[in-house]
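The values are calculated or read from the model by the stated rules, or taken from the named source; none is laboratory data. If you're wondering where the values come from, they're calculated on a predicted model, not measured in any experiment. Counting neighbours? That spans all protein chains shown, and the Cβs are built from the backbone with ideal geometry, glycine included. All accessible areas refer to the heavy atoms of the entire protein, side chains included, with ligands and DNA or RNA removed. Shrake-Rupley method; radii C 1.70, N 1.55, O 1.52, S 1.80 Å.
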Amino acid sequence: MAYELTDEQRDRYRATAIRSQLRKQELLRFHVEDAEDGNHQRFGERLDVNELMPQLAPNGLTSLSLFSGGGGLDLGFERAGYKHSASFEILDICGETLRANRPSWDIHAGTEAGDVRAARFTPFRGVDVVHGGPPCQPFSVAGKQAGADDPRNMWPDFVRCVLQTRPRAFVAENVPGLLDRKFESFVRDNILTPLENHYTVFRFKLAAHEFGVPQARRRVFFVGFRSQRDTARWLQPVSTHGETDTLFGALQPFNLARQSLGLPEIGFDQVSPTLRSGFTGPRNTTGVLNSKAALNIWNQLRVWPNGVQPTHSMARAYPPENGHFRMSVADCALLQGFPSDWRFSGAVYQALGQIGNSVCPPVAYAVARQVARALGVA
Ligand SMILES: C[S@@+](CC[C@H](N)C(=O)[O-])C[C@H]1O[C@@H](n2cnc3c(N)ncnc32)[C@H](O)[C@@H]1O
C-alpha cells in the first residue's frame, strides 16, 4: 500500500514508472500507426480456433443467455447450430461487444435492460435451452467464498428464469470451487432443491485444454433436462485433445501456447496458465497473471503476462525489457479459444475482463452439442 512505502522506495518506484513510461512513448512513437495486417509476418501459423468448433447446421433449437459477458457461451451455442434468442448482461461494454459481433442478436444490456435480477422472462417461455454463468465471486478460490450470504450470488435469478421459461434443458457454468465440500449445502439449497422437482441435473468439470484450447482452465457445469427421454440420451462431452489414446479413439495432441500464438520454437512449450478472470486481482490492470506459480510458466514460455496492448503492432513496438513476447488483446483472446474475428469492445482492461470471465467457446460448443444430441436433434 502506498502509505507503507519508505521515501526511498517511493522514489525508486516513481523513477521506474517514469523510465518505463518514457521508454514506451519512445518505442511507440514510430509504430502506433503501423497497419495491423503488416505485422502478421512476424507470426508463424497461428491456431485457427474455428477448426475446433466447425459451424454446425441450424438444429432448430433456441437458446436464451443470462450473464452473457463477452459472449463465450453464446458463441459456442451459435456454432453448435442453435438460434440465439436473447442475451441479458448488466455491463454496457459487454453489450457493445455482443452487438458489434452480432448486430442481429437481441441484446438486453446495462443496469436497466440487462439486470437479470429485474428481468421478466415470461416472454421467453418456450425457449429450448437457457444457459448462463451466474457471477462466481462467492465461490472462486480468489474470492472470499461467502457463498449464499454474498450479495453477488445470482443463482436464485438463474433458477427463477428456468422455472419461468420451462426450457427443455439448461446449462449453467461456474468455477470449480463450487463443487468443494464446503459448498455442498449451498449447491443443494440454491441449485438442486429448487430445480430437481422439474429437472434431472448432472454436474461435471471440464478442462479447456482437453478441448483444444491452449490454456489450462477448469470449469464446472450443471446441465439439466426436463424430460426422461432427453435425460436418458445425455452423454457428457468427451475430451478431444490429450496425450494418449482413449477407449473412444485417438486424441489430438494438446494445442500449446507458443505454437498456437505462432511463435518460434524455443525448446519449451505447454498450454498457457489460466488467464486471470476480470474479477480477481486489481480491476483495471492490463495483465492476465493469475498467480505466482503461473509466472514461472509464463517465464519459461518467454511470454510476458503483463501490460497487454490493444494491438499486435503496439505490443511489438513495446517489447518488455526481458525480451519476452508481449501479448495483444487478440493473443489473449486466442489463448481463451475465441476466433480472431470476435472483437472485444472497450479499453484493454475491459476486453481482458470479458475474456478472462468467459467460458472458452470450444468448451461451450462441446457442451451445447451434447445437449442438442440429448434433445434428439443432432
Ligand atoms: C462469469 S461472467 C459470464 C461469462 C459468459 N458466460 C461468457 O461465457 O462469456 C458473469 C457475467 O455476469 C454479469 N452480471 C453480473 N451481475 C449481473 C446481473 N445482475 N444481471 C446481468 N448480468 C450480470 C457480469 O457483468 C459478467 O459479465
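Annotations for the structure displayed:
- Residue ID - farthest from residue 241 (Cα to Cα), chosen from residues in the stretch 338-368 that are in contact with a strand residue (DSSP E or B) (Cβ under 9 Å, 6 or more places away or on another chain) and near the ligand (Cβ under 10 Å from one of its atoms): 359
- A single entry from 317, 347 fulfils the requirement of being more than 16 Å from residue 261 (Cα to Cα), surrounded by fewer than 24 Cβ atoms within 10 Å (Cβ to Cβ) and touching a residue at least 40 places away in the same chain (Cβ under 8 Å): 317.
- Identity of the residue in the stretch 55-77, more than 7 Å from the ligand (Cβ to nearest atom), open to solvent by 10 Å² or more (accessible area, probe 1.4 Å) and not small (Gly, Ala, Ser), that ends up farthest from residue 372 (Cα to Cα): 55
- Whenever a residue of the stretch 65-82 is farther than 19 Å from residue 165 by Cβ, its partners that are among the hydroxyl-bearing types (Ser, Thr, Tyr) and within 6 Å of the ligand (Cβ to nearest atom), lying with C-beta atoms within less than 8 angstrom and at least six residues away or across chains, give the pairs 69/358; 70/358; 71/358; 72/358.
- Where residue 141 falls short, out of the listed (1) modelled with pLDDT of 95 or more; (2) in contact with a Pro (Cβ under 9 Å, 6 or more places away or on another chain); (3) under 30 Å from residue 347 (Cα atoms): (1)
So that you can scan it fast, the table gives a plain yes or no per residue for (1) open to solvent by 60 Å² or more (accessible area, probe 1.4 Å); (2) assigned to a strand (DSSP E or B):
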| position | (1), (2) |
| --- | --- |
| 219 | no, yes |
| 222 | no, yes |
| 230 | no, no |
| 243 | yes, no |
| 255 | no, no |
| 263 | no, no |
| 266 | yes, no |
| 269 | no, no |
| 275 | no, no |
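- The stretch 109-130, residues that are touching a helix residue (DSSP H, G or I) at 6+ places or on another chain (Cβ under 7 Å) and either near the ligand (Cβ under 10 Å from one of its atoms) or modelled with pLDDT under 95 (or both): 109, 110, 114, 116, 117
- Unique residue being near the ligand (Cβ under 9 Å from one of its atoms) and either open to solvent by 20 Å² or more (accessible area, probe 1.4 Å) or under 16 Å from the mean Cα position of the chain (by Cα) (or both) when the list is 133, 95: 133
- Taking the stretch 156-192 as the range and being in contact (Cβ under 8 Å) with a residue 60 or more places away in the chain, part of a helix (DSSP H, G or I) and within 23 Å of residue 360 (Cβ to Cβ) as the test, only 158 passes.
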